[in-house]
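Here the structure comes first, spelled out in structure tokens, and everything after it is commentary.
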Amino acid sequence: MTRDSRPATRDLVIVGGGPAGMAAAIAAHEAGVKDILLLERDQYLGGILNQCIHTGFGLHHFKEDLTGPEYADRFIKRIEALPEIEASLRSFVVKLTGDKVLTYLKPGTMEVVKAKALIMATGCRERTREMVHIAGTRPAGVYPAGLAQKMINIEGWLPGKEAVIVGSGDIGLIMARRFALEGAKVKAVIEVQKESRGLVRNVVQCLEDFAIPLYFRHRVARIMGKDRVEKVLIENVETKESFELTCDTVLISVGLIPENELIEMACVEIDSMTNSPVSKAVNLCSIPGIFVCGNSYKVYDLVDSVTRDSIKAGQMAADYLREPK
Amino acid sequence: MIRKMTCIDCPVGCQLEVEVEGGQVIKVTGNKCEKGLTYARQEVERPLRILTTTVLTSGLNVKMVPVRTNKPIPKDRLLAAMAAVRQVRLDHPVKVGETIVKDILNLDTDLIATREAF
């Protein structure tokens, strides 16, 4: 870009082509916005839904029990049918300013665009081993559960043969079943609380169906192994009694955090506890004309609720564009 | 024999105590509604599950295509169905909902694609 050339201006730019970004794009289009740029860093739309191959999606929004890819496909098909929504794939936003100028990388090029209104739908990321303070060595074989899910369901790799899963949230439970179906042994699911944070249905269909033991009020106190995980030390947090389990893989499923580094770069106020934007009402942040929706606004339990609130974000952006400035 | 189970028909998750004799349900307690009764019968006499997994492709845009059974199959056939799915190589484009394996394991159930591949 030469010094005096100005970046192209688009009415609405949306960052993230997962369920939140897609619902927001379609809703904004329905509300009259006819110039929409949807930036997605992956080579496909759909976001994390593409790796969530299990059922349980869409019971509210579609009144059907869909898998993640099926739920995503319904939105992808609608986006593809709307020429006013330009879905730019393999487009990774690296910079955002408070006056809504975005810099993004595409294969072979760097683009700059100014948005009249901006919707951030960047999703969330997994909390890691470091955030739950597990002592021990740092061998290969310790994975966030969602990363292991991507390895199996997208890449077709099985990350290990004998796993211990830390945390009994839904992702951990779903991955226990996925490992068991693929012929790996799940030695245990370890939960520090008194009960599972996952759905009852998942405890039954993912653990009980495969006779996988679930230990409440226990924690993984230590991971052992030189190059690869060899065993873990499990401790009862009340009695402090402990025992060892041999395994080659530890999956960490201990929650999600909104991914908001870009709006932070633009000086949007972020709550340091939750990593959500400081907000007066759903989808709002401290800069007018920037909307945040889906799991980057707050971590949702159901994709159906993400869709509901992201539709609202698309409508809010359309209203903002109509306001006299 | 008393079997304890959690009804998963809705998110309430009633804790059921099911009296079972010779593989038949005699009595169900702990259920807050009629669905618990149906669930206990199904679970004791013929538990069913939808299988979701992936199929390896060759020459297509994605390496793995996610698939599901279009109906629930008996729980005790899940691993046999997985073994059958492992033998499949998908080498032609599919649309969402398209059949990949017809009548898998003669269970009167088709394996269908849940993502398109081309």
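The values are calculated or read from the model by the stated rules, or taken from the named source; none is laboratory data. Only a predicted model underlies this, so the values are computations on that prediction, with no experimental measurement involved. FYI the Cβ positions are ideal-geometry reconstructions off the backbone, even for glycines, and counts take in every protein chain you see.
Flag set for B:Lys32, criterion: basic (Lys, Arg), farther than 23 Å from A:Pro69 by Cα and within 14 Å of another protein chain (Cβ to nearest Cβ). The strands (runs of 3 or more DSSP E) located wholly in the range A:127-224 that include 1 or more residues which are within 14 Å of chain B (Cβ to nearest Cβ) and either closer than 30 Å to B:Leu60 by Cα or without any contact (Cβ under 8 Å) to a residue 40 or more places away in the chain (or both) occupy A:185-190. Consider the range B:40-66 and keep the residues that are at the interface with chain A (Cβ under 9 Å from one of its Cβ atoms) and in contact with a helix residue (DSSP H, G or I) (Cβ under 7 Å, 6 or more places away or on another chain). The one that is farthest from A:Ile152 (Cα to Cα) is B:Pro47.
Considering only the range A:173-213, state which residues are crowded, with 20+ Cβ neighbours inside 10 Å and over 30 Å from B:Val55 (Cβ atoms). Answer for the range A:173-213, where residues must be crowded, with 20+ Cβ neighbours inside 10 Å and over 30 Å from B:Val55 (Cβ atoms): A:Ile190, A:Glu191, A:Ser196. Scanning the range B:67-118 for residues that are within 10 Å of chain A (Cβ to nearest Cβ) and of a type in the set (A, V, I, L, M, F, W, C) yields a total of 10. Might you check whether a residue that is farther than 27 Å from A:Ile287 by Cβ, surrounded by 15 or more Cβ atoms within 10 Å (Cβ to Cβ) and more than 14 Å from every other protein chain (Cβ to nearest Cβ) occurs anywhere in the range A:53-70? Within the range A:53-70 (the criterion being farther than 27 Å from A:Ile287 by Cβ, surrounded by 15 or more Cβ atoms within 10 Å (Cβ to Cβ) and more than 14 Å from every other protein chain (Cβ to nearest Cβ)), the answer is yes, since at least one residue qualifies. On the stretch given as the range B:34-59, residues that are in contact (Cβ under 8 Å) with a residue 24 or more places away in the chain and either over 25 Å from A:Phe179 (Cβ atoms) or among the small types (Gly, Ala, Ser) (or both) total 9.
Answer with yes or no whether A:Leu105 is farther than 30 Å from A:His218 by Cβ, out of contact with any helix residue (DSSP H, G or I) (no Cβ under 6 Å at 6 or more places or on another chain) and at pLDDT 95 or above. So A:Leu105 passes the test.
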